[in-house]
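Take a look at the structure set out below.
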């Protein structure tokens, strides 16, 4: 039997028996076989001593059981690490940040507590996945959409707490921003409801986000201040129609105006552009057909901008392109698309291509035929095919880690970020998976993505971890910060948010000590350590 | 000289000299004449011993001065009450919640630090009013809009921290929701920047809201956890055109479908409907022409629904109406309005009327001619004319207090709320200013508004305060809570958010004690008291 660090085996054994008393013997896991499921499949410490592992796992069925577990954990000072469905792949999965913690697995708390069709809201437990909620909506023929990330097997609550994103209209695809109301078990076992939920019998817990007085919800995102046991979300009503269209421009410098117009249209809520700025010239998009032999040859030579532009002009291959998405009626989405073309048409030589068009509701058969499901709020696991074994990817990796700094939403920032990292990679002699194209998940900003494969070779992983950390520091020198990261890098990222001698982290940790005096909950998460472990900060 | 409660006059005199050392003699106020300016002009305790008054005021010019003042206040345990511009009329104005506090007046910190036209964001200090920012935009011909409440003389930061609302598109008119990034002086004088501002040299402080790790911004809204010295906002890009239109329906029961369609269209971001559901039949809207003699006679008789409906049908006076607002190009707003008419046209007998239409930018002369400025992001003080002396309002009051519970966005909730309060008023023998029409300031919910005039007769005020408190309790019994209230009612409202033995307030106060151990900052605000005053909770 593994034991949490610093805990006597007898003491741990007692606690496990007490956990069994709460949830039953079947729902306390201590065998290696069972605990294997709580490893991080994409761990960059794969097989190394530093790989983070659970000492046990306990799976409660109710909020009351979570409260009882937290009280027992406090009595024995046992580190606890809650997960919703444990699908946070690339950012730690189910494995605890502080190795040896007991995983509090909330998968059995998977009740869809309410779906309000008229107000387009829902209230769910942490074990509810995007698939679960989608199936509920389809089964009940509700005129509502969910907004899901790819892949769709994760937890609505887990993804929102990590501040993940999806693909539909801006207010919905910001999963944290779209939440309304929480129920939280505090580290001491007390139970809090935020927003209007603090009023017994409240009629607008999932409708009015802020409630009364200080709004505490943010404390519980990307953090370790409580175990969220219920959470509400604003949902999108089913539109009558969806339409997409592609904008294509042919010169490098068109990027600047393209981005400004994108920002204008999204800030006016004319369209949703959750996708990325693609460069059909420089990179093949996911699912795009292979490049022509001429283009492949050009890319291999990687010439200067002028030659690329000449190729673009002569072969009708855009330097930049972006897919726009519109939600409304057939006619209204046509008006949106027409307006977008009018605005982007001010870029000389811009071309446009009509994309998908759907009217709703769709039959199950029609849903299955859709290639790009996420923008329609349909969960899938198709994103995993990206890393699969294909002719162009004969040796798939064992996982990945993404480096994704937030940069300004401007062509200049895209250009600078690309240059800074290109020069650094040359200097460092490394070559991450290149996808230096701006991603549009968040409003008002881009992030760039650089990927590293996870290897089962420790030396490769060590080198990639080192490069990753250098990139964090280099990005911070330019004022670009990570919005989210894996446990291996949580401290390094937190270190870059250092204004006024780390004033924000000092405040976060002061608050942490106040709500979790024994420091038992998710130690180290997002760089926040309890007092007794603060000196071990990596 | 007044002194804060429990403080020796000599000790206070020493502190005032130290304040003078920080801000200069001219900016520490102790005379009755000066302090009169910090009274609440709309105090429901007008002239009574319980009226909340400042013992002094100090007006710093910089963040560093705010820090120095907080350190001095800690050393002497002096209660401090920050205000931005002190224009929070109806919700306490400039007067402290805890009488005898020293007002920290931030009006001199009125710098517009940055306006980013391309990303449509700004960074301002607390003394910057909506007028200030609007003038800056006009002077520099920036293609940006602000979203302002009526009236427009208040502080952007103050209004956002109170979670106030405006009149343009939904993401902008939620002033708290539209903020991005804060700088805060903590009660102990330490300085924190939130969101990306925690990264030195961050490039996206006003663009990316959440930063990294627990998002603490909510702690500082409707609260007493820090003094906000800078705050960023997402702004709306100037649209090419604005168009409004009125939907009119003629039967009482049309309310239900009207509200459902409103919710659908706003949730799909087709339009902004920040206004209220009007009833031209039952009430004259603000600025509406006086009713016909026949309608006035009908209202005076106040007959049953059938008779009202007959009048509505025969005289073309809608039972309900709502003004919709659209932002985009001339053509796009026409498409939005057409779509809205298609949806509302499913209500039998619905009629439509084209409203205002403007193309931008407007000349100063054109701006002056606009009757309804707030939906165009133009600040004014015209709302004050509502309470002025007119033929129909021969004895204007000395102010007002609004009771405004959040209710679900449904016709049924509107109906129930109207019934519950009508019956209660009859039972209690009171008659508040009736405006039981649902207000659409927030997304997803309505609030109802009931107003009480502020009198200079103590007995009248006492009765109105009593009624107000009974309404808070009655609303809570039905699950309806206040989103904001005046100091006189902050404890009473907080009392209704009582789930699990006031778990939320217990958590808020635990956090309060951690960040403000001497309990010097804005004691009692939104019902949160520091430890040493907790027993005095009213």
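The values are calculated or read from the model by the stated rules, or taken from the named source; none is laboratory data. Small disclaimer: the values here were computed from a predicted structure and weren't measured. Because the Cβ atoms are built from the backbone with ideal geometry, glycine has one as well, and the counts that use them run over all protein chains shown.
When you look at residue B:241, is it in contact with a helix residue (DSSP H, G or I) (Cβ under 8 Å, 6 or more places away or on another chain), closer than 24 Å to residue B:267 by Cβ and more than 9 Å from chain A (Cβ to nearest Cβ), yes or no?
yes
Being closer than 30 Å to residue B:442 by Cβ, outside the structural domain of residue B:168 (by TED's automatic domain parsing), modelled with pLDDT under 95 and assigned to a loop (DSSP other than H, G, I, E, B): is that true of residue B:280 here?
So residue B:280 passes the test.
Of the residues B:454, B:449, B:407, only one is closer than 16 Å to residue B:255 by Cα and either modelled with pLDDT under 95 or buried (at least 16 other Cβ atoms within 10 Å of the Cβ) (or both); which?
Only one candidate passes the filter, namely B:407.
Results for (1) touching a strand residue (DSSP E or B) at 6+ places or on another chain (Cβ under 6 Å); (2) modelled with pLDDT of 95 or more; (3) surrounded by 23 or more Cβ atoms within 10 Å (Cβ to Cβ), shown as yes or no for each residue.
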site	(1), (2), (3)
B:493	yes, yes, yes
B:509	no, yes, no
B:520	yes, yes, yes
B:530	no, yes, no
B:537	no, no, no
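In the list B:432, B:436, which residue meets the criterion of being closer than 30 Å to residue A:237 by Cα and more than 11 Å from chain A (Cβ to nearest Cβ)? Walk me through how you get there before you give the answer.
Values: B:432 fails: closer than 30 Å to residue A:237 by Cα.
Testing whether each residue is closer than 30 Å to residue A:237 by Cα and more than 11 Å from chain A (Cβ to nearest Cβ) leaves just B:436.
Being surrounded by 24 or more Cβ atoms within 10 Å (Cβ to Cβ), farther than 29 Å from residue B:475 by Cα and in contact (Cβ under 8 Å) with a residue 24 or more places away in the chain narrows it down to one residue among A:181, A:245, A:189; which is it?
Only one candidate passes the filter, namely A:245.
Every residue, every condition in (1) assigned to a helix (DSSP H, G or I); (2) out of contact with any helix residue (DSSP H, G or I) (no Cβ under 9 Å at 6 or more places or on another chain); (3) surrounded by fewer than 23 Cβ atoms within 10 Å (Cβ to Cβ), yes or no:
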position: B:311; (1), (2), (3): yes, no, yes
position: B:314; (1), (2), (3): yes, yes, yes
position: B:324; (1), (2), (3): no, no, no
position: B:327; (1), (2), (3): no, no, no
position: B:333; (1), (2), (3): yes, yes, no
position: B:338; (1), (2), (3): yes, no, yes
position: B:347; (1), (2), (3): no, no, yes
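Taking the criterion of being touching a helix residue (DSSP H, G or I) at 6+ places or on another chain (Cβ under 8 Å), modelled with pLDDT under 95 and under 26 Å from residue A:202 (Cα atoms), would at least one residue in the range A:117-137 satisfy it?
yes
Got a number for residues in the range A:77-89 being surrounded by 18 or more Cβ atoms within 10 Å (Cβ to Cβ) and farther than 18 Å from residue A:109 by Cβ?
3
If you check every pair at least six apart or on different chains, which have Cβ atoms under 6 Å apart with a residue in the range B:128-145 that is free of Cβ contacts under 8 Å to residues at least 40 places away in the same chain first and a residue that is part of a helix (DSSP H, G or I) second?
As it stands, the answer is B:128/B:156, since those pairs meet every condition given.
So which residues in the range A:473-489 are closer than 29 Å to residue A:99 by Cβ and surrounded by fewer than 20 Cβ atoms within 10 Å (Cβ to Cβ), if there are any at all? I'd like the intermediate steps shown before the answer.
Initially, the range A:473-489 is screened for residues closer than 29 Å to residue A:99 by Cβ, giving A:473-476, A:481-489.
Across the range A:473-489, the qualifying residues are A:473, A:474.
Taking residue A:422 as the residue in question, decide whether it is more than 11 Å from chain B (Cβ to nearest Cβ), out of contact with any helix residue (DSSP H, G or I) (no Cβ under 9 Å at 6 or more places or on another chain) and either at pLDDT below 95 or within 30 Å of residue A:47 (Cβ to Cβ) (or both).
On the way: more than 11 Å from chain B (Cβ to nearest Cβ): yes; out of contact with any helix residue (DSSP H, G or I) (no Cβ under 9 Å at 6 or more places or on another chain): yes; either at pLDDT below 95 or within 30 Å of residue A:47 (Cβ to Cβ) (or both): yes.
Judged against the criteria, residue A:422 is a match.
What about residue B:298, is it crowded, with 16+ Cβ neighbours inside 10 Å and free of Cβ contacts under 8 Å to residues at least 60 places away in the same chain?
yes
Report, by residue number, each residue of the range A:160-171 that is under 14 Å from the mean Cα position of the chain (by Cα) and either assigned to a strand (DSSP E or B) or more than 8 Å from chain B (Cβ to nearest Cβ) (or both). Walk me through it before giving the result.
Let us first name the residues in the range A:160-171 that are under 14 Å from the mean Cα position of the chain (by Cα), namely A:160-167.
Hits for the range A:160-171 are A:160, A:161, A:162, A:164, A:165, A:166, A:167.
Out of the residues in the range A:172-204 that are part of a helix (DSSP H, G or I) and at negative phi, which is nearest to the chain's Cα centre (by Cα)?
Among them, the one singled out is A:173.
Inside the range A:349-371, can you point out the residues that are without any contact (Cβ under 8 Å) to a residue 40 or more places away in the chain and closer than 30 Å to residue B:335 by Cα?
Those that are without any contact (Cβ under 8 Å) to a residue 40 or more places away in the chain and closer than 30 Å to residue B:335 by Cα: A:362, A:363, A:366, A:367, A:370.
Among residues belonging to the range B:33-70 that are in contact with a helix residue (DSSP H, G or I) (Cβ under 7 Å, 6 or more places away or on another chain) and in a helix (DSSP H, G or I), point out the one that is surrounded by the most Cβ atoms within 10 Å (Cβ to Cβ).
Restricting to residues being in contact with a helix residue (DSSP H, G or I) (Cβ under 7 Å, 6 or more places away or on another chain) and in a helix (DSSP H, G or I), the top hit is B:69.
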